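S.K.: Below are the structure tokens for one structure; questions will follow.
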């Protein structure tokens with residue numbers, strides 16, 4: 001029914017629903033003429049870590065990349081400059097798209113409110129001058145920790161990144 005257009009290092013995170021299907025099942029009837037749902041990008045600077053270290057998991061110690069569970073500090077976007085969104089689209093209503101915008105479409109676009117859904121993007125800070133106190137604590141991803149850790153462990157095991165317990 002929908003196509004999600006986002007990068008591999010981004011997570012479209014519903015904040016009032018437990019999954020994207022439930023989110024869209026709510027949004028679609030409320031906005032039946034919308035073909036493009038825009039989700040605002042929020043940066044979680046990769047240089048700020050959750051202080052307790054509870055997700056500094058020993059089995060992931062040698063794995064390259066970023067452990068997204070360790071990053072709970074979120075920048076407020078600088079809305080006075082170009083600020084990208086990612087999209088959930090109805091393919092039947094979209095003719096042409098770029099990474100951040102639909103170029104040709106039928107129907108309307110809708111910017112999904114931040115309290116309903118936002119994009120989690122752990123990366124280099126866009127607003128690098130912000131102090132830790134100026135960032136927002138956002139632990140929404142932790143609501144999915146059990147399933148996320150289990151699934152990541154399975155994939156890392158298949159790829160040979162986790163040491164066998166035998």
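S.K.: If you wrap a convex hull around the C-alpha atoms of segment 1-88 and split its volume per residue, what is the figure in Å³?
M.R.: On the way: hull volume 13.3 nm³, N = 88.
Value for segment 1-88: 151 Å³ per residue.
S.K.: While we're here: Mark the label point 7 Å from the Cα of residue 28 along Cα→Cβ and return the residues of segment 75-94 whose backbone N is within less than 12 Å of it.
M.R.: Answer for this model: 89-92.
S.K.: If you don't mind, another one. Relative to the longest principal Cα axis of the chain, at what angle does helix 20-30 sit, 0 to 90 degrees, rounded to 10?
M.R.: Tilt relative to the chain: about 20 degrees.
S.K.: Right, here's the next one. Express in nm, to one decimal, how much length is gained between residue 127 and residue 156 on full extension, taking 0.36 nm for each residue of separation and deducting their alpha carbon distance. Each step should come with its number before you reach the end.
M.R.: Details: separation 29, 0.36 × 29 = 10.44 nm, distance 3.24 nm.
Taking 0.36 nm per residue and subtracting the Cα distance, the gain is 7.2 nm.
S.K.: Under the classification rounded if a/c is under 1.5, otherwise prolate if a/b is larger than b/c and oblate if not, where does segment 21-64 fall, given a ≥ b ≥ c as square roots of the Cα gyration tensor eigenvalues?
M.R.: On the way: a/c = 3.60, a/b = 2.76, b/c = 1.31.
Here segment 21-64 falls in the prolate category.
S.K.: Determine the percent antiparallel among the DSSP beta bridges restricted to segment 3-141, to the nearest 5.
M.R.: On the way: 18 of 27 bridges.
Taking every DSSP beta bridge within segment 3-141, about 65 percent pair in antiparallel fashion.
S.K.: Against the longest alpha carbon principal axis of the chain, how many degrees, from 0 to 90 and to the nearest 10, is the axis of helix 145-159 turned?
M.R.: On a 0 to 90 degree scale, this one is about 70.
S.K.: Run the numbers for residue 95 and residue 20: contour at 0.36 nm per residue of separation, minus the present Cα-Cα distance, in nm.
M.R.: Details: separation 75, 0.36 × 75 = 27.00 nm, distance 2.29 nm.
Full-extension gain reported as 24.7 nm.
S.K.: Let me ask something else about it. Between residue 104 and residue 81, what FRET efficiency comes out of the Förster formula 1/(1 + (r/R0)^6) with R0 = 22 Å and r the beta carbon distance, rounded to 0.05? Present the calculation step by step, with values, prior to reporting the outcome.
M.R.: Values: r = 26 Å, r/R0 = 1.17.
For R0 = 22 Å, the calculated efficiency reads 0.30.
S.K.: Please identify which residues in segment 59-99 have an amide N closer than 20 Å to a label point set 7 Å out from the Cα of residue 116, following the Cα→Cβ vector.
M.R.: 77, 84-94
S.K.: Something else now. In the chain, how does Rg compare with the Kirkwood Rh, expressed as the Rg/Rh ratio over alpha carbon atoms? Can you show the working numbers first?
M.R.: Details: Rg = 17.7 Å, Rh = 17.6 Å.
The Rg/Rh ratio comes out at 1.01.
S.K.: Using only helices, what value at 222 nm comes out for the chain when you add -39,500 (n - 2.57) per DSSP H run of length 4 or more and divide by the total residues, to the nearest 500 deg cm²/dmol?
M.R.: Details: 2 runs with 26 residues, N = 166.
Helix contribution divided over all residues of the chain: -5000 deg cm²/dmol.
Values in this text are rule-based calculations from the coordinates and carry no lab data. The structure presented is a predicted model; accordingly, all values stated were derived computationally and were not measured. As a convention, Cβ positions derive from the backbone with ideal geometry for all residues, glycine included, and neighbour counts pool all protein chains shown.
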